[in-house]
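The values are calculated or read from the model by the stated rules, or taken from the named source; none is laboratory data. No experiment lies behind these values; they were computed from the predicted model shown. Cβ atoms come from the backbone with ideal geometry, glycine included; neighbour counts cover every protein chain shown. Quick note on the areas: whole protein, heavy atoms, side chains included, nothing else; ligands and nucleic acids left out. Shrake-Rupley method; radii C 1.70, N 1.55, O 1.52, S 1.80 Å.
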Amino acid sequence: MTNPQSGGQAHIVQLLSTRQDAALDRWTELAGATLRGRTTQTELRGELRELLSLTLASLEREDDTARSELRAVLADMSGRRARQNFTPKETAVAVFTLKQVVHELIEDADEDQAINEFVAFSRYVDDLGLLTFETYAATREQVIADQAEQLLELSTPVVKLWEGIVAVPLVGTLDSARTQVVMEALLQTLVDTGSESAVIDITGVPAVDTEVAQHLMKTIMAARLMGAECVISGIRPQIAQTIVALGIEFGDIVSKATLADALEYLLSRNGVRIVREVVG
Amino acid sequence: MSDVHEVRVGSSDDIVGIRKMVRTIAGDIRMSLVDQTKLVTAASELARNIVVHGGGGTVRIERLTGPTGRTGVRMIFSDEGPGISDVDLALTDGWSSGQGLGLGLPGSRRLVDEFELDTAVGRGTRITVTKWTR
């Protein structure tokens with residue numbers, strides 16, 4: 001079966017292979033111009049040499065192995081650039097400048113047949129260019145997903161307030177995934193620090209709906225099963241009114257206006273009394 | 001004023017987007033903080049119903065100006081899910097067909113000024129809610 005993309009590009013292949021070094025020089029120069037020194041000439045030349053020889057192999061031999069290898073190398077290169085914060089343009093330019101290189105070669109050689117082949121060749125390069133965009137976008141998505149996950153871990157610190165008292169300040173939207181992380185972090189810290197009291201501060205939570213409330217209650221129930229007492233703090237007026245209107249009942253769960261009140265309450269439960277010293 | 005937004009909801013991530021959009025619109029028309037929070041919470045509940053029970057659907061949010069110059073927000077939640085067979089039961093506090101608290105539907109009704117439920121078994125559900133500024 002003839003490969004529709006490489007079929008009848010013999011002249012271009014011939015031109016490129018006889019003048020491979022000159023083509024590579026020109027390609028490195030063109031591709032390097034937009035990269036503003038973000039990658040060294042030697043490095044770029046090495047990458048392009050590999051791409052060029054694989055392109056030639058896949059055009060020449062109509063060989064599926066060479067084609068898939070070319071696609072793999074190209075995908076790898078685009079992925080690496082995406083991770084190094086190259087722009088999509090800077091990533092794709094390496095591929096698209098090959099067109100200009102070949103065009104100049106054809107003009108120099110003044111070969112009419114090669115000009116006719118240029119349309120097919122151009123389509124072939126466009127195809128490769130699209131592949132770089134696709135890989136670039138996929139890699140960026142992956143980077144964003146990784147960062148979101150890291151943020152999830154970061155956004156749920158459990159802090160020690162006092163001997164035996166820990167606190168989780170919650171900021172932002174509480175969804176199922178996040179609550180799971182919070183619950184695990186809190187329960188683990190209770191064990192690790194031997195604490196018997198915890199404060200869940202929701203000052204930074206913009207809205208409490210039935211799902212968030214249910215997640216909170218489950219966390220508190222789980223902590224109770226481990227023998228720890230949980231207090232909620234930081235319910236702001238608008239959230240309190242919304243909770244009442246929704247009809248959510250927190251039952252016997254203790255709730256305090258501020259984190260300070262919650263700490264004071266838990267300290268007194270632990271037998272610690274705070275006394276202001278009168279000076280003079 | 002015709003300021004209409006229509007968004008598809010298919011997952012919990014979309015619900016976060018809707019909450020944000022509703023909060024922005026409610027803030028724009030100078031709704032009080034309490035009413036903003038109530039409206040956002042109602043949007044969150046009803047959008048989640050679409051995701052959990054309706055298998056995805058659409059949310060339409062529009063800014064309203066009443067005859068007396070009062071402003072408000074209307075939200076329409078539609079899905080083509082299984083519909084609700086017993087509306088009275090679904091609007092009863094504490095009754096849930098799923099794992100929830102059973103307060104989403106009746107609670108949302110208390111959070112808004114106007115609440116209209118249109119459903120038929122096998123044809124989906126449409127809930128229209130309106131809240132006016134005070």
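Numerical summary
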| quantity | calculated |
| --- | --- |
| Estimated 222 nm signal from helices in chain B, with DSSP H stretches of n ≥ 4 weighted -39500 (n - 2.57), rounded to 500 | -11500 deg cm²/dmol |
| Cut-off 19 Å (backbone N to label point 7 Å along Cα→Cβ of residue A:119), residues of region A:31-73 | none |
| Among beta bridges that DSSP assigns inside the protein assembly as shown, antiparallel share in %, nearest 5 | 70 percent |
| FRET efficiency for residue A:68 and residue A:14, using Cβ-Cβ distance with R0 set to 30 Å, rounded to 0.05 | 0.80 |
| Ellipsoid equivalent to chain A - semi-axes via the Cα gyration tensor, in Å | 67, 19, 15 |
| Probe 1.4 Å, protein heavy atoms only - accessible area per residue of region A:95-144 in square angstrom | 55 Å² |
| Of B:47, B:26, B:120, the one that fluctuates the most in a GNM where chain B has Cα springs shorter than 10 Å | B:120 |
| Net lengthening on full extension, residue A:279/residue A:111 (0.36 nm per residue, minus Cα-Cα) | 50.5 nm |
| Probe 1.4 Å, protein heavy atoms only - accessible area per residue of region B:84-124 in square angstrom | 58 Å² |
| Relative contact order, percent, chain B [alpha-carbon distance under 8 Å, six or more residues apart] | 27 percent |
| Chain A - percent of accessible surface contributed by carbon and sulfur, probe 1.4 Å | 53 percent |
| Relative contact order (percent, whole number), chain A, Cα cutoff 8 Å, 6+ residue spacing | 14 percent |
| Whole-percent carbon and sulfur share, accessible surface of chain B, 1.4 Å | 46 percent |
| Buried solvent-accessible surface, both chains (A, B), 1.4 Å probe, Å² to nearest 100 | 1600 Å² |
| Residues in region A:231-280 occluded by at least 40 Å² - accessible area, probe radius 1.4 Å, against chain by itself | A:238, A:241, A:242, A:245, A:246 |
| Paramagnetic label zone (point 7 Å from Cα along Cα-to-C-beta, residue A:255; backbone N under 19 Å) in region B:15-57 | B:33-45 |
| Exercise: per-residue mean of other protein chain Cβ atoms within 10 Å, B:101-107 | 5 |
| Volume per residue that the Cα convex hull of region B:4-132 spans, once the total is divided by residue count, Å³ | 100 Å³ |
| Those lysines that a straight Cα-Cα span of less than 17 Å connects to residue A:89, excepting residues fewer than 8 apart in one chain | A:99 |
| Rg/Rh for region A:29-170, where both radii come from Cα atoms and Rh is the Kirkwood radius | 1.25 |
| Shielded by partner chains, region A:207-221 residues - at least 20 Å² of accessible area, 1.4 Å probe, vs chain alone | A:207, A:209, A:210, A:211, A:214 |
| Equivalent ellipsoid, region A:159-269 (semi-axes from 5 times Cα gyration tensor eigenvalues, Å) | 21, 16, 12 |
| Rounded to 10°, Cα long-axis angle of helix A:237-246 versus longest principal axis of chain A | 90 degrees |
| Violating pairs (Cα-Cα greater than 27 angstrom) within the set A:218/B:131; A:218/A:256; A:218/B:38; A:160/A:218; A:256/B:38 | A:218/B:131 |
